[in-house]
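So the structure is just underneath, and the comments pick up after that.
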Amino acid sequence: MGIDVAGSTFGIHTDTTSYVFAVTDQGLLRHLHWGGRIDLSDVIAEPLWELSTNDLIQDVTPQEYPCHGRFRYNEHCLAIKFADGGRELDLRYAGHDLAADLVVHLHDEKGVRVDLHYEVLEGIDAIRRWAVVHAEVPVRIEAVASAQFHIPFRDLELRNVAGRWGAEFQEVVQPVSSKVVLESRRGVSNHHHNPFAVLSRQATETSGRVWGMALAFSGNTKTVVEQTQYGQTLVQLGINDADLAISLAAGDSFTTPAVVATYTPDGFDPLSQTFHDYGRSLLNPAPRPVLYNSWEATNFAVTCDGQIALAHRAAQIGAELFVVDDGWFGRRNPEPNGGITDGLGDWWVDPVKFPDGLKPLIDVVHELGMSFGIWVEPEMVNPRSDLYAAHPDWIYREPGRDPDPARGQYVLNLAVPAVQEFVTTMLDGLLSDNDIAYVKWDANRPMSQVGAARDVWYRHIEALYTIVREVKRRHPGVLFEACASGGGRIDFGALSVFDDVWTSDNTDALDRLDIHRGYSLVYPPQAMRAWVTDVPNFLSQRSIGLAFRFHSAMTGSLGIGCNLTTMSDVDLRAAATFVQQYKQLRPLMHRWHRLENPSSNDYRLFQYSSPAGAVLFAFLPASRLGHTSTTVRLRGLEPTARYRFELDWQTHVARGDYLMQRGVRVWLQGDYASTIIRFDRVED
Ligand code: DGJ
């Protein structure tokens, strides 16, 4: 792996891939290869010519970072406005620097410089790209993507996820025959698309060429996939240019979020493994504690005694972390119509619900051997709060208009330094005054009506990252969970500051299998929170047995959200057994694989692998005609190592190659059937 330069050709090499581009006679950066490993000395830059007076060189050239202007009609990465009103950019190669990463300089004589950064990720089969725009004269950025990629094929398939609240991460596959745009315009939360693109040709989990790109940004994003007229497919990722304007004074610069990009000739599983490796490289490596969360049990009706009662039960079943969700602060009580318009912004402990503060509860939680966590929603304010009365100007609003509340709340303008300071100081105080190990950071409505400043779509998220980093610096070791009405804030930007993500408010154990599958395309299981909750499920109204519910949640980072004070003793004992089992499996749960199901019955198969063994989770939501078995071929095992496992009431020992090539038969019957099979590597 590494980066090499031969004349005006650049090669960025991971262990198995090469990414190559060169400078053309016109000073453009022409993309030449992204795929399997090649040697730069073999690269031939075939001549490019204008195909007609309608197909001119700026469009015909697959450019690394095309800009608006001249004869560029396909997607471009950068559009700016100069002080004289001119909008044409003419960026040409102006040198490069090669140190830890490669920086290629592009320059426009009218006063703009762009540095393109290329980095090979240490120990990860992926590269990272981003751009820095330097203004030599005052300019206004109107569009600025992080990177553009070119795949030398047409008729590719695009994989992404689509959804909405309660139905995040539904995998969507579509042919790319023209242009597809996936975007977020909501600022703080987005359940609809995720900022990644996976392109393939006839690939399966274990075969076929696959290219994947994911943007590290949690706000407005835009992913464009365009099949060009010239037999290629271009992919561009970056912050969304919708309603965007970023003004730079002479001497200012703007750095885009990064894109992580990976290629494999071997299907979706290795692609996901590389993305998961990258995700894990951002995360705190400590295993996540089994948590209990009070939300579904109590909603806003939080009291000290009620939480203490839950804490006793949570400890009894083996929880390691007790998290008090919404409702502990301010005057946070639903109104007769169910609405809630008070509390957010007033981060003092409610003296009615907690007459002696949080300490009595935290003390009990600690005495029970658990750590303590708390819910906050720092970007928001309710109209009836003291904070809003004091600072009505701190929210996003359009001049001359009343702002619209959603969920009875407004969004604070985090781009304002005083607001950032307020949020940072509030969190610092909360963590200094109380022994808190875990913060669940929620955000329950999108941004809207932002007024004149069109850079806030970016600045808000930049401020969010800055605040979390600063609070973590002051309180090392505290884990932060990203939640935005469920899974509205999950991306590599979020994972670079948060430790856990709340995947969805949909806690139905069957729905969650689909959500987990979509999530697993790009993001690592270690950060994925999943809870076992009561039945009938509040959303699906479905009643699924405890084993299936636990098994489904155990595929992620286990949490429990049941009302434990109303749970039967039998269920409490069963829950304790599942939690105990999860703790024993946790060390084996490292790499996460989606297994193919060859059966006509609808088995859902997830598997974990680690150097010490593997864990198989098999689910059968409904037994159908024939009630057949499935054959499970494992992945990620050592071919010559031997593994011990229990199957059909017998203990077996088999080599990794047998388990991966031939596989084992798994036969479930009945509705909502599930099982876990553990494979322990046997020392020779
Ligand atoms: C939305 C979250 O996704 C839930 O888990 C819960 O924290 C509520 N907000 C609280 O208001």
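Things worth noting here:
- Scanning segment 562-589 for residues that are under 30 Å from Phe275 (Cα atoms) and open to solvent by 70 Å² or more (accessible area, probe 1.4 Å) returns Gln580, Gln584, Pro587.
Here is a yes/no grid of residues against (1) of a type outside the set (Gly, Ala, Ser); (2) out of contact with any Asp or Glu (no Cβ under 7 Å at 6 or more places or on another chain); (3) modelled with pLDDT under 95:
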{"site": "Thr630", "(1), (2), (3)": "yes, yes, no"}
{"site": "Glu638", "(1), (2), (3)": "yes, yes, no"}
{"site": "Ala641", "(1), (2), (3)": "no, yes, no"}
{"site": "Gly663", "(1), (2), (3)": "no, yes, no"}
{"site": "Gln669", "(1), (2), (3)": "yes, yes, yes"}
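- Flag for Trp295 being away from the ligand (no atom under 12 Å from the Cβ) and open to solvent by 20 Å² or more (accessible area, probe 1.4 Å): no
- If you filter segment 168-178 down to residues that are of a type outside the set (Ser, Thr, Tyr) and under 14 Å from Glu226 (Cα atoms), you find that the one that is most open to solvent (accessible area, probe 1.4 Å) is Pro175.
- Contacts under 8 angstrom Cβ, first residue in segment 78-95 being without any contact (Cβ under 8 Å) to a residue 24 or more places away in the chain and assigned to a strand (DSSP E or B), partner of a type in the set (Ser, Thr, Tyr) and open to solvent by 20 Å² or more (accessible area, probe 1.4 Å), 6 or more apart: none
- Residues within segment 518-537 that are outside any loop (DSSP other than H, G, I, E, B), of a type outside the set (Phe, Trp, Tyr) and open to solvent by less than 10 Å² (accessible area, probe 1.4 Å), tallied: 8
Conditions (1) under 23 Å from Ala509 (Cβ atoms); (2) not small (Gly, Ala, Ser), marked per residue:
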| site | (1), (2) |
| --- | --- |
| Ser623 | yes, no |
| Thr631 | no, yes |
| Arg642 | no, yes |
| Ala654 | no, no |
| Gln669 | yes, yes |
| Tyr672 | yes, yes |
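- Scope segment 40-87; condition of a type in the set (Asp, Glu), open to solvent by less than 50 Å² (accessible area, probe 1.4 Å) and over 18 Å from Leu29 (Cβ atoms); matching residues: Asp55
- The set of residues from segment 417-441 being part of a loop (DSSP other than H, G, I, E, B) and open to solvent by 50 Å² or more (accessible area, probe 1.4 Å) comprises just one member, Asp435.
- Checked against (1) within 28 Å of Asp671 (Cα to Cα); (2) open to solvent by less than 10 Å² (accessible area, probe 1.4 Å), Phe480 passes all but a single condition, namely (1).
- Test result for Thr466, hydroxyl-bearing (Ser, Thr, Tyr) and under 29 Å from Leu588 (Cα atoms): no
- Conditions (1) of a type in the set (S, T, N, Q); (2) over 22 Å from Phe169 (Cβ atoms); (3) part of a helix (DSSP H, G or I); number of the one not met by Ser543: (3)
- Count of segment 319-333 residues which are buried (at least 21 other Cβ atoms within 10 Å of the Cβ) and more than 16 Å from the ligand (Cβ to nearest atom): 1
- Within segment 371-421, considering residues that are of a type in the set (S, T, N, Q) and in contact with a Phe, Trp or Tyr (Cβ under 7 Å, 6 or more places away or on another chain), the one farthest from the ligand (Cβ to nearest atom): Asn413
- Which listed residue is at pLDDT 95 or above, within 25 Å of Leu495 (Cα to Cα) and open to solvent by less than 10 Å² (accessible area, probe 1.4 Å), from Asn194, Asn240: Asn240
- Of note, Tyr465 satisfies the criterion of being within 23 Å of Tyr396 (Cβ to Cβ) and surrounded by fewer than 23 Cβ atoms within 10 Å (Cβ to Cβ).
- Apart from one condition, Val181 fits all of (1) surrounded by fewer than 20 Cβ atoms within 10 Å (Cβ to Cβ); (2) under 14 Å from the mean Cα position of the chain (by Cα); the exception is (2).
For every residue, the table says whether it meets (1) at positive phi; (2) of a type in the set (Phe, Trp, Tyr).
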residue: Phe217; (1), (2): no, yes
residue: Thr228; (1), (2): no, no
residue: Gln236; (1), (2): no, no
residue: Asp243; (1), (2): yes, no
residue: Gln273; (1), (2): no, no
residue: Asp277; (1), (2): no, no
residue: Arg288; (1), (2): no, no
residue: Arg313; (1), (2): no, no
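- Tally, over segment 478-507, of residues that are of a type in the set (D, E, K, R), within 14 Å of the ligand (Cβ to nearest atom) and more than 16 Å from His192 (Cα to Cα): 2
- Of the strands (runs of 3 or more DSSP E) that lie entirely inside segment 105-167, those containing 1 or more residues that are surrounded by 23 or more Cβ atoms within 10 Å (Cβ to Cβ) and touching a helix residue (DSSP H, G or I) at 6+ places or on another chain (Cβ under 8 Å) span 157-162.
- Pair list, Cβ under 9 Å, 6 or more apart: segment 261-285 residue at pLDDT 95 or above and basic (Lys, Arg), other residue open to solvent by less than 10 Å² (accessible area, probe 1.4 Å) and not in a helix (DSSP H, G or I): Arg280/Pro524
- Annotation: Ile515 fulfils all but one of (1) touching a Lys or Arg at 6+ places or on another chain (Cβ under 8 Å); (2) under 22 Å from Arg542 (Cβ atoms); the unmet one is (1).
- Options Gly357, Gly369: the member that is closer than 30 Å to Ala315 by Cβ, assigned to a loop (DSSP other than H, G, I, E, B) and open to solvent by less than 60 Å² (accessible area, probe 1.4 Å): Gly357
- Boolean, Ile38 is over 27 Å from Phe217 (Cβ atoms), within 33 Å of the chain's Cα centre (by Cα) and not aromatic (Phe, Trp, Tyr): yes
- Close pairs from segment 46-63: first among the β-branched types (Val, Ile, Thr), partner not in a loop (DSSP other than H, G, I, E, B), Cβ under 9 Å, at least 6 apart: Thr61/Leu29; Thr61/Arg30; Thr61/His31
The values are calculated or read from the model by the stated rules, or taken from the named source; none is laboratory data. This structure is a prediction, so every number in the text was calculated from the model and none was measured. With ideal geometry, Cβ positions are generated from the backbone for all residues, glycine too; neighbour counts draw on all protein chains shown. The protein model used for the area step is the full one, side chains on, heavy atoms only, and it has no ligands, DNA or RNA in it. Shrake-Rupley method; radii C 1.70, N 1.55, O 1.52, S 1.80 Å.
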